[in-house]
Amino acid sequence: MIDKHSTVPVYLQLEAFLTAQIQSGALKPGDALPSETALCQQFGIARMTARKAVDYLVRQGKVERRRGQGTYVTHAKPPLRIALPLDRHLTSSEATLALNEPMVNRLICLERQPVSHDMAALLAIAPGDDVWFMKRLRLVGDVPFVFEQSWMLCDLFPDLTPADLNASKYAYISRKGYSVARSEKQIRAELPARDVQEMLSIQREEPVLHATSVAWLSEGRPFEVSEIYYNQQHYVFTITAERP
C-alpha cells in the first residue's frame with residue numbers, strides 16, 4: 001500500500017489509496033475518514049504527511065472537513081464545468097449555455113483612475129489618462145467561477161455604472177453603438193495571491209488559470225485590459241488545431 005522507497009511521494013500514495021477506497025465503495029458517501037492519528041499509526045507516517053494527503057482529497061471535493069466532527073466522504077455531485085474554446089471569443093453568458101444556469105456578476109468595485117504607463121501602451125492611450133478600474137466576481141449559483149480585474153476606456157464609455165456591470169457589460173457596449181471583435185489572451189497556471197484565493201474560495205496551494213486579456217472593438221481599437229483568474233475546478237480549455 002505504502003512504499004517508502006518509491007519515487008512517488010508518500011502523501012500521494014496515501015491519497016491514491018484513500019481514493020481507491022472511495023471508488024470501490026469501501027468508504028461510502030457519509031462515511032468518516034480515519035483520523036490523522038489513525039492513518040499515522042496504520043501506515044507508519046508523520047502527521048503532516050497524513051494531513052497533506054487528506055488536504056488533497058478535500059481540494060478534489062472527495063471529502064469534506066466538519067468542524068469538531070472529522071472528515072467525511074462527500075456525496076457525489078455532477079461537476080459544474082465549462083468547456084471554453086481558446087480559438088473563439090465568447091461572452092460568459094454564451095460560455096455557460098451548456099450548464100443551463102446563468103453566470104451572475106457581483107461587482108466588487110468601480111472607480112475612475114489614471115492609467116499606468118504599461119497599461120496605457122496596451123490601450124493605446126496616454127499615460128495618466130483616466131480609465132475605469134473594476135473588480136468583478138462571476139458565479140454560477142453560489143459557486144465562484146471567475147475573478148477579474150479590468151481597465152476600460154473612459155472616453156468611449158463615460159456613463160458606465162455599477163448596474164451595467166452587474167447586468168451585462170457587453171449589452172452596455174452594444175447600446176453604446178460598439179461591437180467587440182476579438183480578444184488576445186496569454187494564459188498561465190500559477191498559485192493565487194491571497195485576494196484571488198479568497199474570492200474564488202480555494203486553497204492557497206491550489207493553482208488557478210490566469211489570463212491577461214486585451215479586448216478589441218470591431219473598429220480596430222483596444223478598449224479593455226483584464227487580468228482574469230479562472231477557478232480551474234470548473235474550466236477546461238479547448239482548441240481545434242488544423243494541419244497547414
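Every test in (1) open to solvent by 40 Å² or more (accessible area, probe 1.4 Å); (2) at pLDDT 95 or above is passed by residue 153 save one, and that test is (1). Can we say residue 18 is open to solvent by less than 50 Å² (accessible area, probe 1.4 Å), part of a helix (DSSP H, G or I), aliphatic (A, V, I, L, M) and over 30 Å from residue 173 (Cα atoms)? In short, yes. For the stretch 26-48, indicate whether the set of residues that are within 21 Å of residue 202 (Cα to Cα), surrounded by 13 or more Cβ atoms within 10 Å (Cβ to Cβ) and modelled with pLDDT under 95 is non-empty. Checked the stretch 26-48: no residue is within 21 Å of residue 202 (Cα to Cα), surrounded by 13 or more Cβ atoms within 10 Å (Cβ to Cβ) and modelled with pLDDT under 95. Would you mind stating whether residue 224 is in contact with a helix residue (DSSP H, G or I) (Cβ under 9 Å, 6 or more places away or on another chain) and either more than 26 Å from residue 52 (Cα to Cα) or open to solvent by less than 60 Å² (accessible area, probe 1.4 Å) (or both)? Spelling it out, residue 224 is indeed in contact with a helix residue (DSSP H, G or I) (Cβ under 9 Å, 6 or more places away or on another chain) and either more than 26 Å from residue 52 (Cα to Cα) or open to solvent by less than 60 Å² (accessible area, probe 1.4 Å) (or both). Kindly indicate whether residue 53 is in a helix (DSSP H, G or I), farther than 14 Å from residue 15 by Cα and of a type outside the set (Val, Ile, Thr). When the stated conditions are applied, residue 53 does not pass them. Residues in the stretch 194-206 that are without any contact (Cβ under 8 Å) to a residue 12 or more places away in the chain and either open to solvent by less than 60 Å² (accessible area, probe 1.4 Å) or in contact with an Asp or Glu (Cβ under 8 Å, 6 or more places away or on another chain) (or both): 197 alone.
Counting only residues that are open to solvent by less than 40 Å² (accessible area, probe 1.4 Å) and either under 15 Å from residue 205 (Cα atoms) or within 22 Å of the chain's Cα centre (by Cα) (or both), the stretch 62-71 holds 1 of them.
Just one of the numbered conditions (1) in a helix (DSSP H, G or I); (2) in contact (Cβ under 8 Å) with a residue 24 or more places away in the chain; (3) farther than 14 Å from residue 225 by Cα; (4) not small (Gly, Ala, Ser) is not true of residue 119: (3).
A quick yes/no check of all residues on (1) open to solvent by 60 Å² or more (accessible area, probe 1.4 Å); (2) more than 12 Å from the chain's Cα centre (by Cα); (3) more than 24 Å from residue 118 (Cβ to Cβ):
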residue	(1), (2), (3)
171	no, yes, yes
175	yes, yes, yes
180	no, yes, no
192	no, no, no
211	no, no, no
219	yes, yes, no
231	no, no, yes
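Among the criteria (1) assigned to a strand (DSSP E or B); (2) at pLDDT below 90; (3) not polar (S, T, N, Q), the one residue 75 does not fulfil is (1).
Can you confirm whether the stretch 228-241 contains a residue that is in contact with a Ser or Thr (Cβ under 7 Å, 6 or more places away or on another chain) and under 20 Å from residue 104 (Cβ atoms)? Yes, the conditions are met somewhere in the stretch 228-241. Kindly indicate whether residue 91 is open to solvent by less than 40 Å² (accessible area, probe 1.4 Å) and at pLDDT below 90. Yes, satisfied.
The values are calculated or read from the model by the stated rules, or taken from the named source; none is laboratory data. Given the structure is predicted, the values throughout are model-derived calculations rather than measurements. So basically every Cβ, Gly included, is an ideal-geometry build from the backbone, and we count neighbours across all protein chains shown. Please note that ligands, DNA and RNA were not included when accessible areas were found on the heavy atoms of the full protein model with its side chains. Shrake-Rupley method; radii C 1.70, N 1.55, O 1.52, S 1.80 Å.
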